[in-house]
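Have a look at the structure below, then the notes.
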Amino acid sequence: DQQVKQNSPSLSVQEGRISILNCDYTNSMFDYFLWYKKYPAEGPTFLISISSIKDKNEDGRFTVFLNKSAKHLSLHIVPSQPGDSAVYFCAAPLNFGNEKLTFGTGTRLTIIP
Amino acid sequence: DAGITQSPRYKITETGRQVTLMCHQTWSHSYMFWYRQDLGHGLRLIYYSAAADITDKGEVPDGYVVSRSKTENFPLTLESATRSQTSVYFCASSDMSSWGLTEAFFGQGTRLTVV
């Protein structure tokens, strides 16, 4: 059963606009979340993370927001650039040591020039 | 080259054959992982290893065997390949910090087709 859900398989956004990718989770014990980005024929690369003690974490054009009461997190990309076109996965550790990551099914983001 | 490399990149095998996917990392990370990526499932953990000679099951371990005799290598073996094991396989590594594991670094993937 999917504990981390990305309900939008795809998203298209105009270049320069904001991209918002969403992720919902079911396990209220999750205390750390990660976003990974994946280009075709490459492995995923780490993008940004957030601890449950925060509700926002920012890194350049990327900001992740966490709403614990709604069990929802979102990744905002501002402004969106063509190089942001990729599949984005959210993930959370299943155990305290973070060894076992559970991933969402991914959202394919396409930035339209 | 520094990093994490997988071989082969592409493999076609027949049902019932044994096949081994290789993974090598040069960072001396203590943890290594094998994931498979399938449409509609995202990435699912098959096995992981906390150190040489220490391995543990992930979400979908059935049909797979791993070993870790050296820190830098973590091969994944399909003992008798089935069509349901057709997938893209990713190896990853990470290290332990004071608060837990650091983010995982992934290899480029191996696309395995079982016919």
- A:Asp31 within 29 Å of B:Val60 (Cβ to Cβ) and among the charged types (D, E, K, R): yes
- Message: For the structure I just gave you, tell me whether B:Val114 is free of Cβ contacts under 8 Å to residues at least 40 places away in the same chain, away from every other protein chain (no Cβ under 12 Å) and not charged (D, E, K, R).
- Response: no
- Message: Condition first: over 19 Å from B:Ala104 (Cβ atoms), of a type in the set (Asp, Glu) and either without any contact (Cβ under 8 Å) to a residue 24 or more places away in the chain or not in a strand (DSSP E or B) (or both). Now tell me which residues in the range A:1-41 satisfy that.
- Response: A:Asp1, A:Glu15
- Go over the candidates A:Ile53, A:Ile20 one by one and state the one that is β-branched (Val, Ile, Thr), over 29 Å from B:Cys23 (Cβ atoms), in contact with a His (Cβ under 7 Å, 6 or more places away or on another chain) and away from chain B (no Cβ under 11 Å). A:Ile20
- Within the range B:61-80, can you find the residues that are of a type in the set (A, V, I, L, M), closer than 16 Å to B:Ala92 by Cα and free of Cβ contacts under 8 Å to residues at least 40 places away in the same chain? B:Val66
- Task: Go through (1) farther than 19 Å from B:Gln6 by Cα; (2) surrounded by fewer than 20 Cβ atoms within 10 Å (Cβ to Cβ); (3) facing another protein chain (nearest Cβ under 9 Å); (4) in contact with a strand residue (DSSP E or B) (Cβ under 9 Å, 6 or more places away or on another chain) and name the single condition B:Arg44 misses.
- Result: (1)
- If you go through the range B:1-41 one residue at a time, how many are part of a strand (DSSP E or B) and of a type outside the set (Asp, Glu)? 22
- Item | In the range A:56-100, the residues that are in a strand (DSSP E or B) and β-branched (Val, Ile, Thr) | A:Thr63, A:Val64, A:Ile77, A:Val87
- Residues in the range A:53-85 that are surrounded by 14 or more Cβ atoms within 10 Å (Cβ to Cβ) and at positive phi: how many? 1
- Note on the structure: The lone condition A:Leu109 fails out of (1) at pLDDT below 95; (2) closer than 16 Å to A:Ser19 by Cβ; (3) not hydroxyl-bearing (Ser, Thr, Tyr) is (1)
- Could you say whether any residue in the range B:20-31 is in contact with a helix residue (DSSP H, G or I) (Cβ under 9 Å, 6 or more places away or on another chain) and over 24 Å from A:Gln6 (Cβ atoms)? no
- Message: Against the conditions (1) more than 14 Å from chain A (Cβ to nearest Cβ); (2) assigned to a strand (DSSP E or B); (3) out of contact with any Ser or Thr (no Cβ under 7 Å at 6 or more places or on another chain), where does B:Cys91 fall short? Just the number, please.
- Response: (1)
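The values are calculated or read from the model by the stated rules, or taken from the named source; none is laboratory data. Being a predicted model, the structure only gives us computed values, none of them experimental. Neighbour counts are summed over all protein chains in view; Cβ atoms, including those assigned to glycine, are modelled from backbone coordinates with ideal geometry.
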